[in-house]
Amino acid sequence: MPTSSASTPDSAKSAGGGGVQSLERAFDLLERMADAGGEVGLSELSATSGLPLPTIHRLMRTLVACGYVRQQPNRRYALGPRLIRLGESASRLLGTWARPYLARLVEETGETANMALLDGDEVVYVAQVPSKHSMRMFTEVGRRVLPHSTGVGKALLSEVPDDEVRALLTRTGMPAATDKTITTPDEYLTALAEVRRQGYAVDDNEQEIGVRCLAVCVPESPTAAAISISGPAGRVTDAATEKIVPVLRQVALELSQALASSGA
């Protein structure tokens, strides 16, 4: 036993910076693959990363063996299924970290607070703190919705280029949840331009009649995230919006800073 414990630090030292560098490079390649839509060729990775092809090939072989990357029949590489498990766990943890900030939103606004992520073409709710009012909004954590009819969806897509938004809407369609739901891409892109201009998104009876939602993105979040409050339209009025939005922005900024300091 003493020999084994004494050899561990030496083993770590013998790996030296090379082991750390390989880890950094592997994670960098995974992120570049995600940025490219999840599937790339080795030459593309070499061009964007600046790494030589033999190095990339060695790293990708290791990632394939671990299940984090898979090789397609066309010889290109795609993100692998083991990342789904990591992503789901990370999403739950992100929701846990967000809860104290959502609780503050409830205290200061009186309305139900939510956190949601953009996962593929859908919005998934990862955390919620309910209002203390007897009449309050409730969205089940884990629920998935299409982004076009929600405040959080508008906030998240406002940071996505218009051509990518159009492509997403083509894939998902724009079914009407209510008679207030935006159902055409052009009208939706106009709404996103307004979100960018004013710095927050509004769901005005678009997901559910009688409910208004205000949402902002969490700046520089490690994954695209938004927080929101939702409540009866009779309480979330234009006058209330003027008071609520600054609170939303401040809490989003503080959450962003907390996530950055935690290394999330």
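So in segment 213-264, with the set limited to residues that are part of a helix (DSSP H, G or I) and charged (D, E, K, R), which one is farthest from residue 150 (Cα to Cα)? Explain how you work it out, then say what you get.
Of the residues in segment 213-264, the ones part of a helix (DSSP H, G or I) are 238-262.
Remaining after also requiring charged (D, E, K, R): 238, 242-243, 249, 254.
Numbers: 238: 18, 242: 19, 243: 21, 249: 18, 254: 23 Å.
My answer is 254.
Go through the residues of segment 169-183 one by one and say whether even a single one is assigned by TED's automatic domain parsing to the domain that holds residue 98, under 19 Å from the mean Cα position of the chain (by Cα) and of a type in the set (A, V, I, L, M). Checked segment 169-183: at least one residue is assigned by TED's automatic domain parsing to the domain that holds residue 98, under 19 Å from the mean Cα position of the chain (by Cα) and of a type in the set (A, V, I, L, M). For segment 46-82, taking the residues that are charged (D, E, K, R) and part of a helix (DSSP H, G or I), the one that is farthest from residue 21 (Cα to Cα) is identified as 82.
Note on segment 221-243: residues that are over 16 Å from residue 95 (Cα atoms) and surrounded by fewer than 21 Cβ atoms within 10 Å (Cβ to Cβ) total 11. Residue 55: polar (S, T, N, Q), in contact with a strand residue (DSSP E or B) (Cβ under 9 Å, 6 or more places away or on another chain) and surrounded by 14 or more Cβ atoms within 10 Å (Cβ to Cβ), yes or no? Criteria not met by residue 55. If you go through segment 105-162 and keep only what is in a helix (DSSP H, G or I) and more than 20 Å from residue 222 (Cβ to Cβ), you end up with 105, 106, 107, 108, 109, 148, 149, 151, 154, 162. The number of residues in segment 82-109 that are aliphatic (A, V, I, L, M) and modelled with pLDDT under 75 comes to 5.
The residues in segment 141-183 that are surrounded by fewer than 16 Cβ atoms within 10 Å (Cβ to Cβ), closer than 14 Å to residue 122 by Cα and hydroxyl-bearing (Ser, Thr, Tyr) can be counted, and the count is 2.
Filtered by the rule that a residue be β-branched (Val, Ile, Thr) and over 17 Å from the mean Cα position of the chain (by Cα), segment 197-226 gives 202, 209, 211.
In segment 120-149, the residues that are not assigned by TED's automatic domain parsing to the domain that holds residue 181 never reach a residue that is surrounded by fewer than 19 Cβ atoms within 10 Å (Cβ to Cβ) and not charged (D, E, K, R) with C-beta atoms less than 9 angstrom apart, at least six apart or across chains. The residues of segment 205-220 that are exposed (fewer than 15 other Cβ atoms within 10 Å of the Cβ) and over 24 Å from residue 126 (Cβ atoms), listed by number, are 209, 210.
The C-beta contact set for segment 163-177 (first residue β-branched (Val, Ile, Thr) and in a helix (DSSP H, G or I), second residue at pLDDT below 95 and surrounded by 10 or more Cβ atoms within 10 Å (Cβ to Cβ), distance under 6 angstrom, 6+ apart or interchain) comprises 172/121; 172/146.
In segment 9-45, the residue that is modelled with the lowest pLDDT out of those that are in contact with a helix residue (DSSP H, G or I) (Cβ under 8 Å, 6 or more places away or on another chain) and outside any helix (DSSP H, G or I) is 36.
Inspect all residues belonging to segment 88-109 and state whether any of them is aromatic (Phe, Trp, Tyr) and over 30 Å from residue 133 (Cβ atoms). Break it down stepwise before answering.
Here is the first cut: in segment 88-109, the residues aromatic (Phe, Trp, Tyr) are 97, 101.
Subset that is over 30 Å from residue 133 (Cβ atoms): none.
No, every residue in segment 88-109 fails to be aromatic (Phe, Trp, Tyr) and over 30 Å from residue 133 (Cβ atoms).
The values are calculated or read from the model by the stated rules, or taken from the named source; none is laboratory data. Not measured: the values here are computed from a predicted model. As a convention, Cβ positions derive from the backbone with ideal geometry for all residues, glycine included, and neighbour counts pool all protein chains shown.
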